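To start, the structure under review is shown below, and the notes come after it.
Bear in mind that the values in this text are calculations on the coordinates, not laboratory data. Quick caveat, the model's predicted, so the values are computed rather than measured. Backbone-built Cβ (ideal geometry, glycine too); neighbour counts: all protein chains shown.
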Amino acid sequence: METPALLVEGLTKTYTPGARPAVDGLSFTMPRGETWGLLGGNGAGKSTTIAMLLGLLVPSSGRVLALGHDMATDRFAALARMNFSSPYIALPHRLTVRENLRVYGHLYGVPEMERRIADLVAEFDLGDFADRPAGQLSAGQKTRVALAKALINTPALLLLDEPTASLDPDTGDWVRSALERYRAETGAAILLASHNMAEVERLCANVLMLKGGRVVDEGSPAALLAKYGRDDLEEVFLDIARGRERAEAL
Amino acid sequence: MGASSARRIWGLVYRHLALYRRSWPRVLELMYWPVLQMVVWGFITAYLAGVQQNTATIAAGVLLGGVLLWEITLRSQMGFAISFLEEVWSRNLGHIFVSPLRPWEMVTGLAAMSVLRTVAAVLPAMLLAFMLYGFGVWKLGPVLVVFVSALMAMGWAVALAVTALILRHGAGAEALAWGVMFGIAPFAAVFYPVAVLPPWLQPVALSIPAAHVFEGMRAALIDGRIAWDHLAWAVALDGVWLALAAWIFLAQFHQARVRGALLNIGE
């Protein structure tokens with residue numbers, strides 16, 4: 001049987017001894033080939049969770065198996081088949097787009113790298129600025145480049161932190177289509193943290209609702225809407241964030 | 001080292017080479033200080049050797065040799081630490097640390113950049129010393145290779161410790177990348193023998209690899225002999241310094257993963 005994209009058991013992170021955990025006993029199993037959403041307000045534990053899934057942060061307890069590899073003992077085997085993008089982490093801004101893609105092509109050991117870069121330049125429509133320094137690009141162009149970088153190694157597991165933050169609706173829609181296309185073509189698993197509920201509704205097969213470092217609810221967007229008796233996920237999000245009763249409990 | 005490791009290390013080196021290709025002020029800055037140092041010290045030694053006495057000429061060689069070899073130590077340390085700081089300044093560390101690049105591969109890549117930066121920085125100063133003052137550091141003979149290697153290794157050890165402090169304290173510790181070697185220089189016996197130092201300070205000096213290299217350099221220039229004992233001490237101390245610095249680096253790297261600092265190292 002194929003190992004899940006992510007198997008998370010009892011994941012907990014406490015930054016200061018005695019303080020409330022930032023992430024508290026998180027457990028879930030994410031299959032391959034699906035897009036999942038990680039939702040929660042500021043301080044809910046999304047960034048801490050993603051950092052632990054990537055091996056950037058050592059959990060206080062619990063474990064993460066990414067693509068079958070234990071992130072505590074074998075993270076580099078998993079990292080070679082994963083990738084990550086966040087608007088809060090930049091690419092070297094003096095290097096051109098093409099040079100940046102080459103750097104990460106080497107770091108991820110991409111075979112036939114120049115062909116892969118040419119494919120990504122064509123797919124993400126980077127041709128007009130592929131030889132311009134990354135620091136001179138607009139926010140939308142930078143997001144497309146960051147996404148191209150995140151797909152350079154054709155990852156089986158892609159983690160995205162607010163992939164369409166600060167993008168105009170047209171570019172945001174374009175990015176969402178690209179993600180849907182990538183998942184459909186490669187069977188990759190995508191976990192995205194987002195504050196854009198329409199995006200989550202459109203892309204995600206399953207949603208984990210985080211509050212105070214815990215999963216307070218989960219399910220498909222349709223199931224959550226039915227459960228809370230709401231018309232859109234934003235209202236569900238507000239119900240959970242503000243501790244309102246569920247429709248089913250009324 | 002496997003082909004995969006070599007490729008990842010090359011990826012890191014390529015990243016910095018691409019940066020320098022696109023930034024001529026960085027290349028100019030590399031050469032500026034070593035050349036300036038050589039000009040100033042060259043004229044001082046030319047003044048000292050003005051009467052063409054043998055003693056003064058030898059002293060001039062010792063001073064110019066000291067300037068050049070100390071620049072190698074300094075540039076080796078700065079080349080390593082500043083290459084790491086480039087990642088901090090560009091807010092790129094998060095991407096680096098979620099790639100399959102192992103910590104030792106990153107250290108090897110930074111050391112490779114340190115070699116390239118040192119060559120670019122010190123070579124013009126060496127040529128200048130020869131053209132203007134007739135001093136060829138290669139006159140030290142094949143032992144020069146050991147001197148240079150020992151000094152570069154010491155530079156890497158100091159740089160590893162500085163990088164560990166940057167991991168611990170963020171870019172707030174970056175001043176150390178520029179200044180830490182200047183604090184070591186007075187005890188490294190660059191321009192004077194260890195014997196000149198007060199007796200209580202001599203053990204401190206003798207625990208620094210560079211002090212043995214410079215004692216060895218003076219033995220070669222003044223007495224025309226190879227001081228094997230000093231060379232052995234330099235190499236052994238480099239091993240101790242590198243092991244200690246690697247331990248500090250790995251400990252701080254682990255602590256940075258515990259504290260969650262790798263994603264947002266900054267000020």
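Relative to one another, the C-alpha centroids of segment B:85-123 and segment A:75-132 are positioned 18 Å apart. Were the residues from residue A:42 through residue A:138 laid out at 0.36 nm apart, the gain over their Cα-Cα distance would be 31.9 nm.
Rounded to the nearest 10 degrees, the angle from helix A:113-123 to the longest Cα principal axis of chain A is 70 degrees.
Modelled this way, with points 7 Å down the Cα-to-C-beta line, the labels at residue A:74 and residue B:185 are 5.2 nm from one another. Think of the protein assembly as shown as a dipole: +1 on every Lys or Arg Cβ, -1 on every Asp or Glu Cβ, centred on the Cα centre; then among B:245, A:129, A:16, B:245 lies furthest on the positive end.
Of the chymotrypsin sites (Phe, Trp or Tyr not before Pro) found in segment A:22-123, those in coil by DSSP whose Cβ has at most 16 other Cβ atoms within 10 Å are A:88.
A Förster distance of 35 Å, applied to the separation of the beta-carbon atoms of residue B:1 and residue B:40, puts the FRET efficiency at 0.25. Using a simple spin-label model with pseudo-atoms 7 Å out from Cα toward Cβ, residue B:196 and residue B:23 lie 3.7 nm apart.
Largest first, the extents of the alpha carbon coordinates of chain A on the three principal axes equal 58, 41, 38 Å. Sites listed here are GluC sites (Glu not before Pro) in segment A:76-142 whose DSSP assignment is loop and whose Cβ has at most 13 other Cβ atoms within 10 Å: A:112. For the protein assembly as shown, how many pairs of lysine residues have a Cα-Cα distance under 26 Å, where the two are 8 or more positions apart or belong to different chains? Lysine pairs, 8 or more places apart or on different chains, close enough: 7.
Could you work out how far helix A:97-107 tilts from the main Cα principal axis of chain A, as a 0 to 90 degree angle to the nearest 10? Result, in degrees: 70.
Among beta bridges identified by DSSP and lying wholly in segment A:128-250, the antiparallel ones come to about 50 percent. Computed from phi, the 3J(HN,Hα) profile of segment B:155-169 under the Karplus parametrisation 6.51, -1.76, 1.60 (θ = phi - 60°) reads x, 5, 4, 5, 5, 4, 5, 5, 4, 4, 5, 5, 4, 7, 10 Hz, with x in place of Gly and Pro. Remark: segment B:25-42, residue by residue, has Karplus-estimated 3J(HN,Hα) of x, 5, 5, 4, 5, 4, 8, 4, 5, x, 5, 4, 4, 5, 4, 5, 5, x Hz, where x stands for each Gly or Pro and the curve is 6.51 cos²θ - 1.76 cosθ + 1.60 at θ = phi - 60°. On the basis of the beta-carbon distance and an R0 of 56 Å, residue B:254 and residue B:47 show a calculated FRET efficiency of 0.60.
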